[in-house]
Every structure is written in structure tokens, then in C-alpha cells.
1. Quick one: how many residues across the range 57-93 are of a type in the set (D, E, K, R) and crowded, with 20+ Cβ neighbours inside 10 Å?
2. Write out, first by first residue and then by second, each pair whose Cβ atoms fall under 6 Å of each other, whose residues are 6+ apart or on separate chains, and whose first residue, in the range 163-179, is on the phi > 0 side of the Ramachandran plot while the second is assigned to a loop (DSSP other than H, G, I, E, B) and open to solvent by less than 100 Å² (accessible area, probe 1.4 Å).
3. Which residue pairs have Cβ atoms closer than 7 Å, lie 6 or more positions apart in sequence or on different chains, and pair a first residue in the range 259-270 that is more than 26 Å from PHE174 (Cβ to Cβ) and open to solvent by 10 Å² or more (accessible area, probe 1.4 Å) with a second residue that is among the acidic types (Asp, Glu) and assigned to a loop (DSSP other than H, G, I, E, B)?
4. Which of (1) under 14 Å from GLY260 (Cα atoms); (2) within 21 Å of the chain's Cα centre (by Cα) does LEU177 not meet, given it meets every other one?
5. Identify all residues within the range 212-255 that are among the aliphatic types (A, V, I, L, M), in a loop (DSSP other than H, G, I, E, B) and surrounded by fewer than 16 Cβ atoms within 10 Å (Cβ to Cβ); write none if there are none.
Amino acid sequence: MDSESLLLSLELAAGTGQGLSPDRRTALLTSLLLVKRDYRYERVLFWGRILGIVADYYIAQGLGEDQLAPRKTLYSLNCMEWSLLPPATEEMAAQMAVVKGRFMGDPSHEYEHTEFQRTTAEGEKTFEDDVVVQVKEETRLVSVIDQIDKAVAIIPRGALFKTPFGPVHVNRTFEGLPLSEARKLSSYFHFREPVDLKNRTLLEKADLDPSLDFLDSLENDIPKGSWSIQMERGNSLVVLRSLLWPGLTFFHTPRTRNHGYIYVGTGEKNMDLPFML
């Protein structure tokens with residue numbers, strides 16, 4: 001959710017039952033403005049909160065002029081002091097694949113797991129050794145945020161537009177989805193570089209508007225049924241909830257520009273979802 005409309009966005013997303021205390025809201029309003037100024041971001045999004053055992057991680061993301069350019073991610077433990085996280089890599093994802101359970105809430109906490117490594121001496125046999133690998137929780141935080149962004153970060157159709165030169169910008173003329181379109185899963189896109197769209201044929205792309213339909217639609221997500229779409233407040237608010245990453249909530253008020261998403265959860269993926277549908 002955009003930091004400039006933080007209070008309204010938090011109120012619209014309050015149906016999840018996960019809110020912020022007044023002092024946390026006040027701290028976020030002040031500190032996110034300073035983050036935007038100091039880091040010279042075009043926009044700053046309050047991404048959400050990852051619940052830890054000792055403390056919670058509050059996450060924000062900074063965007064440049066190109067909305068699909070790699071986002072800068074920051075975290076805070078008190079909503080006032082923000083630290084910049086490194087970019088996610090495939091090596092981080094491989095290391096974190098074996099880490100399970102809740103976050104501790106301490107960035108310096110180290111997880112330990114055992115890996116089998118083969119060592120071969122010159123002209124001798126190959127030996128297998130058990131090596132204990134330590135990974136910091138800060139690395140796990142980077143990996144989980146990247147996974148959630150790629151899987152369930154959402155925007156409504158028309159909120160962004162792609163210029164003929166390539167960069168993607170905020171659509172200043174976007175006035176919200178009509179009520180009839182807001183009920184459809186096909187009206188919402190993944191807020192990341194397209195993956196499935198590149199595999200479509202020219203015939204399938206014939207009816208698409210290249211300036212608006214340049215992202216992957218939620219209706220093609222696998223497994224089918226991984227999204228819950230509901231109308232609330234007398235059909236004046238559309239709420240999408242992810243069943244794959246419990247805690248991700250997207251909201252949009254039809255015929256207005258108010259939209260956004262927030263994640264409030266433990267950072268654990270629902271691996272049992274295919275068996276629950």
C-alpha cells in the first residue's frame with residue numbers, strides 16, 4: 001500500500017483482523033516520508049509485517065520511476081529506524097529451502113542445517129562429509145519477501161501503463177475498476193515481470209492492449225482456486241486473499257483509485273493447499 005494514503009489503506013485492509021496500533025501508525029507516517037526523501041524514491045510502499053517470536057519485522061519497499069524495476073526493500077523493528085536489505089539471489093533461495101518454522105525476530109539469529117559435501121583427493125576415493133551450514137535470519141527475510149512478491153503481489157488492471165519505450169509508469173488517469181469488472185479475477189495482475197505472458201501465442205495476444213495487458217493475470221495461477229475474492233461493505237470494497245501465502249490481503253474500492261496489498265503473517269507458505277482444494 002502506498003505510504004501517502006497509509007491511514008486510509010490500513011482502514012480498508014482492516015477486515016483481516018490484523019491492524020497496527022496508533023503509535024505504530026504515527027511512526028510509519030513519519031518515518032516512511034523520511035525514507036522516501038533520504039533514498040530519493042519515486043514511491044514508497046508499506047509492504048506489511050512478518051510476525052516473529054521475539055519481535056516483528058515491518059517491511060517497506062522503495063520504487064523508482066520504472067515501476068517494474070527491481071524494488072529496494074527495507075525492514076524495521078520499531079517502525080522508525082530502517083535498514084536496507086540486499087537483493088535476493090537464487091543462492092539465497094536454495095539455502096532457505098531447508099529452513100522451516102517461525103521467524104525469531106532477530107536479524108542476527110543463525111539457522112543451522114547439515115549438508116552432504118563430497119570431497120575427492122587426488123587419485124583417491126570420494127568421501128562424503130556432513131557439513132553444518134549457518135545462515136542468518138536476515139538472509140531468510142530477503143528470500144521470503146522475494147517469494148511473496150513474485151507469487152502474490154497484485155495490482156488492478158489499468159493502474160500501470162507501459163510506454164512504447166519500455167518503462168512502466170503509474171497511470172494517472174486510472175479511476176478504478178467498474179463494479180462488474182472488479183468481481184473478476186482476470187481484472188487483477190501480478191506486480192512483477194511477466195512470465196506466462198511470454199509463452200502465449202500471437203493469436204492469444206491479439207485481443208490484449210499492449211499498454212495495459214503486459215502482466216500475468218491471476219486467473220491463470222496454479223493451483224486453481226488459490227485466491228479468495230469477496231465483496232465487502234455493501235459491494236463497495238473488493239478484497240482478495242491468498243490461500244497460498246496466508247496473510248496476503250489485496251483491497252480495491254471500485255470506481256476509485258484506492259487499491260493496495262499488505263502482508264501480515266508468519267512468512268510460511270501453505271504447502272498443503274493443493275490437497276485442500
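The values are calculated or read from the model by the stated rules, or taken from the named source; none is laboratory data. Quantities reported herein were computed from a predicted structural model and do not represent experimental measurements. Every residue, glycine as well, gets a Cβ built from its backbone with ideal geometry; the counts of neighbours run over all protein chains shown. These accessible areas exclude ligands, DNA and RNA; they are computed on the full protein's heavy atoms, side chains included. Shrake-Rupley method; radii C 1.70, N 1.55, O 1.52, S 1.80 Å.
1. Final tally of qualifying residues: 1.
2. Every condition considered, the pairs that remain are GLY176/PRO254; GLY176/THR256.
3. No pair meets every condition.
4. With (1) under 14 Å from GLY260 (Cα atoms); (2) within 21 Å of the chain's Cα centre (by Cα) applied to LEU177, the lone miss is (2).
5. ILE222 - this is the single residue of the range 212-255 that is among the aliphatic types (A, V, I, L, M), in a loop (DSSP other than H, G, I, E, B) and surrounded by fewer than 16 Cβ atoms within 10 Å (Cβ to Cβ).
Conditions tested, residue by residue: (1) over 20 Å from PHE161 (Cα atoms); (2) within 16 Å of the chain's Cα centre (by Cα); (3) polar (S, T, N, Q).
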position	(1), (2), (3)
LEU185	no, no, no
PRO210	no, no, no
ILE229	yes, no, no
LEU237	yes, no, no
LEU244	yes, yes, no
THR253	no, no, yes
GLU268	yes, yes, no
LEU273	yes, no, no
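This table checks each residue for (1) over 19 Å from the mean Cα position of the chain (by Cα); (2) of a type in the set (A, V, I, L, M, F, W, C).
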site	(1), (2)
TYR39	yes, no
ALA55	yes, yes
LEU63	no, yes
ARG71	no, no
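A quick yes/no check of all residues on (1) of a type in the set (S, T, N, Q); (2) out of contact with any Ser or Thr (no Cβ under 7 Å at 6 or more places or on another chain); (3) closer than 27 Å to SER3 by Cα:
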residue: LEU177; (1), (2), (3): no, no, yes
residue: SER180; (1), (2), (3): yes, yes, no
residue: LEU212; (1), (2), (3): no, yes, yes
residue: PRO246; (1), (2), (3): no, yes, yes
residue: PHE251; (1), (2), (3): no, yes, yes
residue: ARG257; (1), (2), (3): no, yes, yes
residue: VAL264; (1), (2), (3): no, no, yes
residue: GLU268; (1), (2), (3): no, yes, yes
